[in-house]
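To start, the structure itself, in C-alpha cells.
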Amino acid sequence: MSINIALIGASKKSVPIIESILQLKNLHIVGIVENRKNMPGLKLAKKNDIPVFSTEKELFKLPNINAVI
C-alpha cells in the first residue's frame, strides 16, 4: 500500500524532505503547494513530475491524500 503525501511549501527546507520521500517506495508525493515562483523545491518537483499548486484549496481537491506535511 502506498501513502499519498501532500506538501505545503517548497522552500529550501523542503528539499531534503522531498528527496527523502522520493527514496521511499511506499510514499508518493501527490502535490506541493507553493505560491512563490523561485523556491528550490519547485525545481525538484518539476524534475520528478510532482504537481505544484498555488493554493491549498487546489491541492486538497486531489483524491486520496493520506497525509499533509
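Looking at the structure I just gave you, is residue 10 under 10 Å from the mean Cα position of the chain (by Cα) and assigned to a loop (DSSP other than H, G, I, E, B)?
Yes.
If the Cβ limit is 9 Å and pairs must be 6+ apart or interchain, which residue in region 48-65 that is over 21 Å from residue 37 (Cα atoms) pairs with which residue that is part of a loop (DSSP other than H, G, I, E, B)?
Close Cβ pairs satisfying both conditions: 62/51.
Within region 10-30, is even one residue in contact with a helix residue (DSSP H, G or I) (Cβ under 7 Å, 6 or more places away or on another chain), under 13 Å from residue 67 (Cβ atoms) and either open to solvent by 80 Å² or more (accessible area, probe 1.4 Å) or among the small types (Gly, Ala, Ser) (or both)?
Scanning region 10-30, I find no residue that is in contact with a helix residue (DSSP H, G or I) (Cβ under 7 Å, 6 or more places away or on another chain), under 13 Å from residue 67 (Cβ atoms) and either open to solvent by 80 Å² or more (accessible area, probe 1.4 Å) or among the small types (Gly, Ala, Ser) (or both), so the answer is no.
Only residues that are open to solvent by less than 70 Å² (accessible area, probe 1.4 Å) and in a helix (DSSP H, G or I): list them for region 48-60, please.
59
Being in contact (Cβ under 8 Å) with a residue 24 or more places away in the chain, of a type outside the set (D, E, K, R) and not in a strand (DSSP E or B), is that true of even one residue in region 29-38?
No; the residues of region 29-38 include none that is in contact (Cβ under 8 Å) with a residue 24 or more places away in the chain, of a type outside the set (D, E, K, R) and not in a strand (DSSP E or B).
Answer yes or no as to whether residue 45 is surrounded by 12 or more Cβ atoms within 10 Å (Cβ to Cβ), under 11 Å from the mean Cα position of the chain (by Cα) and either polar (S, T, N, Q) or part of a loop (DSSP other than H, G, I, E, B) (or both).
no
The values are calculated or read from the model by the stated rules, or taken from the named source; none is laboratory data. Being a predicted model, the structure only gives us computed values, none of them experimental. Reconstructed Cβ throughout: ideal geometry from the backbone, glycine too, with neighbour counts over all protein chains shown. With ligands, DNA and RNA removed, areas are computed over all heavy atoms of the protein, side chains included. Shrake-Rupley method; radii C 1.70, N 1.55, O 1.52, S 1.80 Å.
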